[in-house]
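Every read-out reported here was derived from the displayed coordinates using simple, explicitly stated rules and does not represent laboratory data. As the structure is a computational prediction, the values presented were derived from the model and not from experiment. Neighbour counts run over all protein chains shown; Cβ positions are idealised from the backbone, glycine included.
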Ligand SMILES: Nc1ncnc2c1ncn2[C@@H]1O[C@H](COP(=O)(O)OP(=O)(O)O)[C@@H](O)[C@H]1O
Ligand SMILES: [Mg+2]
């Protein structure tokens, strides 16, 4: 293992994060606060409880997931896309480092940033609503696994993307509908049966449900299934990444 | 001694189908300075990129210090330093950080003293906290060199190091190359300037259209390349070349007003003065004289012609 290289890439990425820290934290905090004011306080006060949890508290895990997914995909993809775009990737490619080390450096940094921002959202949420965490260990497990697997997913997007438009395709166009239709703001029992079935094809439902279960013990799907879904997603992303490095796909001519 | 870099049948077809390298064989000796001379598009950067791991070869093998570049890439890439042709640097990093970053990527523990020395050697030390995007082209080239030296490579590739570089950097660069050579570093540099190769190389390889046309000791090659042409403009046109001038195998052109003479500028006798006196003995009045070194292009044409 080339630990110095992992350390260098990780530190380099975290330095980039520090330079943009204010904007990367302030903007999600403001957005989330707005959600709580609108859905938690204004509308939420007229809504009935969902499975014994106040509406504002019910949506908190979903909002944290929304931010976490966006942050991880955004950072994971940008971290590798940018050197590809400017050409500085030559240095990574000509260094004595393996695929695993590159991934640990970039994905580790993206996940770290996602977790920092996610934790800040959690703290922000606690100012607006009563948050209880019934299964702290499972909560952290879901939190970390989601951060790692979606940072890796972002990393793959960064390698695949030919231009900034493709880079933004997932965070802007694909993730929001999946999160909004994935039970972040409602329990899927509230949907007509047809849409309940459709929802089960949405991977984000499993994430949000499992994460929410670790807070309030209420879930749309069995938490074990949720955990297996996250693990499965991680394995798929790892396999694709391994293939990318083996073939040099879009990294090497 | 076994060559430090050994290239066999190296072939590259890009995805476009374009064949940039067509079976290159080349041995680079430990401690030498090899200049790869070739026009744009010859395949120089492609060859270097394959050895460094940036481009995947289509066929052939490369070993560095006996290690295969594909199966033993950790060993080979720790030995190799690369100063790329393009001035690609992170905009928002400082000079010192980006050099330290390169050292880390190559698995070396931090060594601020060494980095300080490298920055001083390259006249970059007073700029160590400057953002890279604020540097001029020449300064960026220095930073790229500092990055490549930060992990003390044994083999250094310099891809067109002096393209678009000012005179002072060029001088610094030659001094640096001399110092590195004194420390036993093997240096491969590419260029399309003959003078550059002439200045510092021990051996010169000529590459064109993805093939190595020749590799020779600089001295031997410079003799070959030393052919010059002298053009004599006559005041009055002549119909035929006088017999007395036949030993000089002149050619006549420009409607009888221009005589061309080819000679070897590195030879003991160029024959110029005797030709000039022969001209006046024949009663020809000379209006103007110019000499011209055969250009790199001419040499390529010649080499490619010989290769056929
Ligand atoms: N990624 C690529 N795809 C297709 N052709 C390429 C690519 N990179 C370089 N080439 C072509 O390969 C040839 C050799 O290029 P290069 O190795 O950069 O030459 P040099 O460095 O000697 O100028 C050129 O004709 C160039 O256009
Ligand atoms: Mg080139």
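Taking B:142, B:133, B:203 in turn, the Gaussian network model of chain B (Cα-Cα springs below 10 Å) assigns the largest fluctuation to B:133.
Over region B:227-294, the Kirkwood radius and the radius of gyration, each from Cα atoms, give a ratio Rg/Rh of 0.93.
Over all residues in B:107-118, what is the mean tally of Cβ atoms on other chains that come within 10 Å of each residue's Cβ?
Working: counts 11, 4, 2, 3, 0, 0, 0, 0, 0, 0, 0, 0.
Taking the mean over all residues of the peptide, I get 2.
DSSP finds beta bridges in the protein assembly as shown, and of those with both partners inside it, around 70 percent are antiparallel.
Need one number: the % of Cα-Cα pairs in the protein assembly as shown sitting beyond the 36 Å mark. Don't jump to the answer; show the numbers that get you there.
Details: 80626 of 157080 pairs.
In whole percent, the long-distance tail amounts to 51.
Model label sites at residue A:14 and residue B:113, defined 7 Å from Cα along the beta-carbon direction, differ in position by 2.7 nm. If one puts a single equal scatterer on every Cα of region A:23-140 and applies the Debye formula without solvent, what log₁₀ I(q)/I(0) results at q = 0.10, 0.11, 0.13 Å⁻¹? Values returned for q = 0.10, 0.11, 0.13 Å⁻¹ are -0.42, -0.49, -0.62.
Comparing A:176, A:203, A:96 in a Gaussian network model of chain A, where Cα atoms under 10 Å apart are tied by springs, the biggest mean-square fluctuation is seen for A:96.
Suppose R0 equals 30 Å. What FRET efficiency, 1/(1 + (r/R0)^6) with r the Cβ-Cβ distance, do residue A:180 and residue B:91 give to the nearest 0.05? Efficiency for this residue pair is about 0.25. Each label point was placed 7 Å from the Cα along the Cα-to-Cβ direction; for residue A:253 and residue A:228 their separation is 4.7 nm.
What percent do you get for the relative contact order of chain A when only Cα pairs under 8 Å and 6+ apart count? All intermediate terms of the calculation are to be shown ahead of the outcome.
Working: 317 pairs, mean separation 64.0, N = 253.
25 percent.
Our helix-only sum for chain B, with -39,500 (n - 2.57) per DSSP H run of n ≥ 4 divided by its residues, gives a mean residue ellipticity at 222 nm of -10000 deg cm²/dmol. Region B:169-248 and region B:93-167 have their alpha-carbon centroids 31 Å apart. Here A:216, B:14, A:206, A:186 are placed in order of increasing Cβ neighbour count within 10 Å, fewest first, which gives B:14, A:186, A:216, A:206.
The distance between label points at residue A:38 and residue A:166 comes to 3.3 nm (points 7 Å beyond Cα on the Cα→Cβ vector). Per residue, the convex hull spanned by the alpha carbons of chain B comes to 180 Å³. The residues A:180, A:36, A:78, when put in order of fewest to most other Cβ atoms within 10 Å, stand as A:180, A:36, A:78.
Do the sum for chain A: with -39,500 (n - 2.57) for every DSSP H run of n ≥ 4, divided by all residues, what is the mean residue ellipticity at 222 nm, to the nearest 500 deg cm²/dmol? If you can, show how the numbers build up before the last one.
Working: 11 runs with 181 residues, N = 253.
Computed mean residue ellipticity for chain A: -24000 deg cm²/dmol.
Can you give the mean number of other chain Cβ atoms that lie within 10 Å of the Cβ atoms in peptide A:3-12? Walk me through the intermediate numbers first.
Values: counts 3, 9, 6, 3, 3, 10, 3, 1, 4, 8.
The mean count of partner-chain Cβ atoms within 10 Å per residue comes to 5.
In this structure, residue B:30 and residue B:133 have a Cβ-Cβ separation that, at R0 = 30 Å, corresponds to a calculated FRET efficiency of about 0.20.
Take each peptide in B:182-194, B:117-129, B:280-292, A:22-34, count the other Cβ atoms within 10 Å of every residue, and average; sorted highest first, the result is B:182-194, B:117-129, A:22-34, B:280-292.
Among B:195, A:49, which comes first, then next, by fewest other beta-carbon atoms within 10 Å?
Values: B:195 8, A:49 11.
Least to most surrounded, the residues fall as B:195, A:49.
Beta bridges from DSSP with both residues in region B:5-223: antiparallel share about 55 percent, rounded to the nearest 5.
Taking only the Cα atoms of region A:3-247, how large is their convex hull per residue, in Å³?
Values: hull volume 31.1 nm³, N = 245.
Each residue corresponds to 127 Å³ of Cα convex hull volume.
So how far, in whole Å, is the C-alpha centre of region A:38-106 from the one of region A:219-253? Result: 15 Å between the Cα centres. Working from Cα pairs under 8 Å separated by at least six residues, relative contact order for chain B is 20 percent. When you count the other C-beta atoms within 10 angstrom of each residue and take the mean per peptide, B:80-86, B:135-141, B:246-252, B:158-164 line up highest first as B:80-86, B:158-164, B:135-141, B:246-252.
Take each residue in B:75-81, count the other chain C-beta atoms within 10 Å of its C-beta, and the mean is 2. For region A:139-218 and region B:1-79, write down the distance between their C-alpha centroids in whole Å. Computed from Cα coordinates, the inter-centre distance equals 45 Å. What's the angle, to the nearest 10 degrees (0 to 90), between helix B:95-105's Cα axis and the longest principal axis of chain B? So the inclination is approximately 70 degrees. Compared with the dominant Cα axis of chain A, that is its longest principal axis, helix A:55-86 is turned about 10°.
Using Cα atoms only, what is the angle between the long axis of helix B:167-182 and the major principal axis of chain B, expressed in degrees (0 to 90) to the nearest 10? With rounding to tens, the tilt is 70 degrees.
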